[in-house]
Amino acid sequence: MEPVLTSGQHVGDHPRPEKNYLNENTRVWDWMTTVDHKRIGLMYLVGSLFFFLIGGMLALMLRLVLMTPQHTMFGIAVDAEMYNRMFTLHGAIMVFLFIIPAIPGSLTNFVLPLMLGAKDVAFPKLNLASFYVYVAGAIMAVSSIVIGAVDTGWTFYTPYSSSSSQTAVASMTMAAFILGFSSILTGLNFIATVHKLRAPGMGWFDMPLFIWGMYSTAVIQILATPVLAITLVLLAIEKTFHIGIFDPKYGGDPVLFQHFFWFYSHPAVYIMILPGMAIISELIPTFSKKTIFGYRAIAYSSVSLALVSFIVWGHHMFVAGQSQLANVVFSALTFLVAIPSGVKVFNWLTTMYKGNIVLKTPMWFAIAFLILFAIGGLTGIFLGTLSTNIHLTDTYFVVAHFHYVMMGSTVTAFLGGLYYWWPKMTGRMFSEKGGKISCALWFIGFNATFIPQFIMGSQGMPRRYYNYLDQFQPFHAFSTVGSWILGLSLFTVAGVLLASLRKPADAPDDPWGGTTLEWKTSSPPITHNFHDQPVLEREPYDYRPAGMAGKGH
Amino acid sequence: MSTTTTDLHAHGGHDSHGEHHNPFHQHHFATMEQQFDTAKIGMWTFLVTEVLMFGGLFVGFGLSQAKYPQEFVDAHHHLQRWAGSLNTVVLLFSSWTMVMAVHAAQTSQKARMKMFLWITLLCACVFMGVKYYEYSHKFEEGLLPGMFYHSQPTDTIPGSHGYATFFAFYFMMTGLHGIHILIGMGLILWLLKNADNFNSEWYTPVDLFGLYWHIVDMIWIYLFPLYYLIS
């Protein structure tokens with residue numbers, strides 16, 4: 001299996017350059033003012049992983065509280081208010097500060113221009129600005145939750161957020177508003193880059209599928225985030241001036257808030273999952289050594305997921321007093337989501353079929369993704385079905401479902417992508433053994449944590465409760481133990497990757513035998529990405545021998 | 001495209017044919033044309049987000065109006081229709097002067113471009129002046145949002161909040177629009193300060209600002225009938 005992978009140390013005629021984007025201009029000030037998309041990507045990576053750590057720690061604490069029905073943590077009693085704050089902090093940090101910015105901000109920022117054969121994103125200064133907007137929003141968000149003790153959950157439902165909660169909801173929503181701007185600017189930058197900065201010879205259907213996925217993500221960021229922004233402003237103004245928009249106390253309509261919120265936040269789910277799918281579309285052909293099956297179908301399914309995501313928001317309000325007709329329509333529309341998702345999974349599996357599969361660490365994660373995403377996606381159908389939804393609403397079944405999609409799918413793909421592009425980003429190979437152990441722990445820990453939650457959810461365990469009936473004890477205890485394995489796996493990932501930094505640069509330019517343009521430059525890349533402007537001569541994922549190769553479908 | 005990356009970098013934006021290079025040409029674009037098109041796509045995308053942001057407010061207004069139809073009609077009689085009409089005319093005229101400014105920039109007529117930019121700025125000032133007059137009128141009468149509302153007549157339906165909600169939306173929407181006008185005024189001043197840089201080869205900022213100004217006008221075109229012409 002090995003020979004395919006060591007396809008020569010360097011690509012092209014140039015010797016390995018002494019200067020690259022990492023060792024040129026290394027003062028802190030150079031980093032802070034850089035407009036290089038690769039450096040901004042690394043800064044995003046550090047930022048979002050930091051919040052992943054904090055959010056993860058909170059998750060472990062929540063699981064500890066729930067381990068026994070005594071609502072204690074290390075013997076200290078945790079009351080309902082404290083528990084509310086903890087899960088709000090966990091949810092808000094994970095959604096707004098980790099999952100939404102992680103793949104677009106870090107991995108995509110790094111590889112998108114490389115894949116297109118461009119020297120940078122379209123607006124490099126705007127790219128840096130969006131990073132600082134993210135930092136500002138993050139500081140504001142964390143301080144309002146920690147100091148202001150926000151306890152509304154990450155969804156800020158009215159009237160709880162507008163009149164019942166006396167906490168810093170206004171400043172928290174403004175923080176989310178600011179973070180939304182960071183997301184908008186990133187999306188805008190990617191759209192312009194994809195439209196205008198593709199390498200000569202690269203048409204729309206010659207782009208790697210990662211780009212299609214990220215382009216679809218950017219479209220959602222552009223179309224949905226402004227609506228969330230204005231909704232949160234309305235909420236903050238309502239709270240401050242007592243205007244009747246969402247709060248029945250002042251003559252408003254609380255379900256209107258849910259409509260506004262989910263008009264953004266349902267598409268936002270696809271801001272989180274599409275980048276994961278985008279990464280998997282790279283990993284599968286690279287490690288199957290086979291042209292991707294159904295290129296156009298995958299490209300179109302990304303775009304159609306982006307579009308469908310805008311017409312299903314009502315499925316969050318089946319029990320919120322929405323009309324029966326609307327419920328039926330939204331339920332039917334929700335099933336549409338399954339079609340492009342199914343198309344993708346079918347194409348990935350068919351790509352692997354009769355491929356020359358090379359089981360390196362990123363491919364382990366890709367396979368884990370396929371399994372976890374199938375479970376997360378199919379349980380989504382249960383929840384989209386009106387009759388079962390009524391039974392399962394606000395139970396742990398929902399919690400388990402969205403963790404399978406958000407974490408089991410997106411974070412699995414993120415970790416796979418991180419391993420995949422790590423040699424390109426740092427110039428160093430990591431320990432394969434360590435990588436595989438971390439993946440195995442991740443997969444076991446994840447299922448151990450969340451499968452019990454499906455079961456107890458179907459038996460009626462409500463979400464967001466700090467305590468429970470004794471009958472749920474075994475499931476909660478099992479889930480908590482699972483969370484420890486999950487924690488261990490993430491520390492293993494960190495250990496494996498950080499250990500690779502201790503040795504000298506050893507990564508070849510194309511360690512995995514990838515065919516997309518980011519592998520056609522040195523590892524790590526030079527500051528301006530390519531020695532020569534790359535020209536696309538072969539379509540992506542073309543694994544035919546050189547003699548048979550050529551562009552054209 | 002056979003130019004090497006290092007060449008492109010060393011000379012700032014020198015293309016492979018050795019043509020004289022424009023100081024505003026950024027190194028990661030192959031040609032000035034590509035740079036201009038990219039900027040334009042970026043601007044249009046940004047304007048889409050603006051429309052969607054206002055869209056949320058329009059939907060909120062529409063739903064509140066459906067909830068308090070009578071109060072909204074009554075409340076709108078407190079707006080001065082002549083002031084709104086005047087502002088509509090002023091803004092429409094400024095859109096025309098902006099078009100002329102962009103055309104002047106495209107054809108390297110600097111003096112003409114400056115003149116039209118100044119007229120556009122003047123229109124914006126008139127708009128904000130009228131807005132100031134209207135707002136102070138509302139403040140005097142107590143036609144204010146939410147808990148600050150203290151005018152007669154109070155709501156026709158006891159316990160409802162139609163008037164206060166109407167003026168809440170009025171201030172939010174015209175206020176957000178006014179902030180956009182203020183930002184636009186600052187941008188016009190910036191364009192005037194850098195007017196000497198713009199010519200037929202590079203006038204991207206003028207062109208992009210023109211797009212921004214038109215969208216701000218267009219939002220007003222929708223705000224005006226929404227608030228002043230309810231029946």
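Coordinate-derived values only; no laboratory data. Just so you know, these numbers come straight off a predicted model, no measurement behind them. Methodologically, a virtual Cβ is constructed for each residue, glycine included, from the backbone with ideal geometry; neighbour enumeration extends over all protein chains shown.
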Rg and Dmax [Cα atoms of chain B; Å; Rg one decimal, Dmax integer]: 22.8, 77
Just counting partner chain Cβ atoms within 10 Å, what average do the residues of peptide A:243-253 show around their Cβ? 6
Tell me which residues come under 5 Å, amide H to amide H, from residue A:395 once H is placed; ignore anything under 5 positions away on its chain. A:463
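Relative to the Cα centre, what is the charge dipole magnitude of chain B, using +1 at the beta carbon of each Lys and Arg, -1 at the beta carbon of each Asp and Glu, and rounding to the nearest 20 debye?
Working: 9 positive and 16 negative charges, 90 e Å.
The calculated dipole for chain B is roughly 440 debye.
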Can you pull out the chymotrypsin sites (Phe, Trp or Tyr not before Pro) in the stretch A:396-480 that DSSP calls coil and that have at most 11 other Cβ atoms within 10 Å? none
First check a/c for the protein assembly as shown, with a ≥ b ≥ c the square roots of the eigenvalues of its C-alpha gyration tensor; if it is under 1.5, answer rounded, and if not, answer prolate when a/b is larger than b/c or oblate otherwise. oblate
Gap separating the Cα centres of the stretch B:184-203 and the stretch B:17-60, nearest whole Å: 16
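Okay, helix-only estimate at 222 nm for the protein assembly as shown: each DSSP H run of n ≥ 4 adds -39500 (n - 2.57), divide by all residues, round to 500 deg cm²/dmol; what do you get?
Details: 24 runs with 491 residues, N = 784.
For the protein assembly as shown, the value works out to -21500 deg cm²/dmol.
When only C-alpha pairs under 8 Å and at least 6 residues apart count, what is the relative contact order of chain B, in percent?
26
Sorted by mean Cβ packing within 10 Å, highest first, what order do the peptides A:85-92, B:58-65 take? Could you put the intermediate results ahead of the total?
Details: A:85-92: 21.8, B:58-65: 18.8.
Highest-to-lowest ranking by the protection proxy: A:85-92, B:58-65.
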Which one, A:438, A:257, A:374, projects farthest toward the positive side of the charge dipole computed for the protein assembly as shown from Cβ point charges (K/R +1, D/E -1)? A:438
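Report the local net charge at residue A:30: Lys and Arg +1, Asp and Glu -1, summed over other residues whose C-beta lies under 12 Å from its C-beta. Walk me through the numbers on the way to the answer.
Numbers: positive: A:27, A:39; negative: A:24, A:36.
Result for the neighbourhood of residue A:30: 0.
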Centroid-to-centroid separation of the stretch A:216-247 and the stretch A:301-363 [C-alpha atoms, Å]: 25
Among all the aspartates and glutamates, which ones have a C-alpha under 13 Å from residue A:289's C-alpha, if same-chain residues fewer than 8 places away are not counted? A:2, A:542
Given charges at Cβ of Lys, Arg, Asp, Glu: the protein assembly as shown dipole, positive-most of A:451, A:179, A:340: A:451
Report, as an integer, the average count of C-beta atoms from other chains found within 10 Å of each Cβ along A:196-204. 2
What is the set of long-range amide H partners of residue A:507 at a cut-off below 5 Å, with H atoms built 1.01 Å from backbone N? A:428, A:429
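Give the shape of the stretch A:349-391 as rounded, prolate or oblate, defined through the alpha-carbon gyration tensor: a ≥ b ≥ c are the square roots of its eigenvalues, a/c under 1.5 means rounded, and otherwise the shape is prolate if a/b is larger than b/c and oblate if not.
Details: a/c = 7.78, a/b = 2.89, b/c = 2.70.
Here the stretch A:349-391 falls in the prolate category.
Taking only complete DSSP H runs, can you tell me which helices of chain A stretch 24 Å or more along their own long axis by Cα positions and average at least 0.5 on the Kyte-Doolittle scale?
On the way: long enough: A:37-66 (42 Å, 1.59); A:124-146 (33 Å, 1.34); A:169-196 (40 Å, 1.31); A:209-241 (48 Å, 1.63); A:254-288 (50 Å, 1.05); A:361-384 (34 Å, 1.93); A:432-458 (39 Å, 0.60); A:473-500 (41 Å, 1.25).
Correct list, ordered by number: A:37-66, A:124-146, A:169-196, A:209-241, A:254-288, A:361-384, A:432-458, A:473-500.
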Normalised contact order of chain A, rounded percent, pairs of Cα under 8 Å and 6 or more residues apart: 20
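Residues of A:172-184, mean number of Cβ from any other protein chain within 10 Å of their own Cβ, rounded to a whole number?
Values: counts 0, 0, 0, 0, 0, 0, 0, 0, 2, 1, 0, 0, 6.
Taking the mean over all residues of the peptide, I get 1.
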What is the spin-label model distance, in nm, from residue B:24 to residue B:140 if the labels are put 7 Å beyond Cα along the C-beta direction? 4.6
Nearby lysines by direct alpha-carbon distance to residue A:19 (threshold 27 angstrom, same-chain neighbours under 8 apart not counted): A:38, A:119, A:125, A:424, A:503, A:520
Calculated log₁₀ intensity ratio I(q)/I(0) where the Debye formula runs over C-alpha points of the stretch A:414-553, q = 0.16, 0.18, 0.21 Å⁻¹: -0.89, -1.00, -1.18
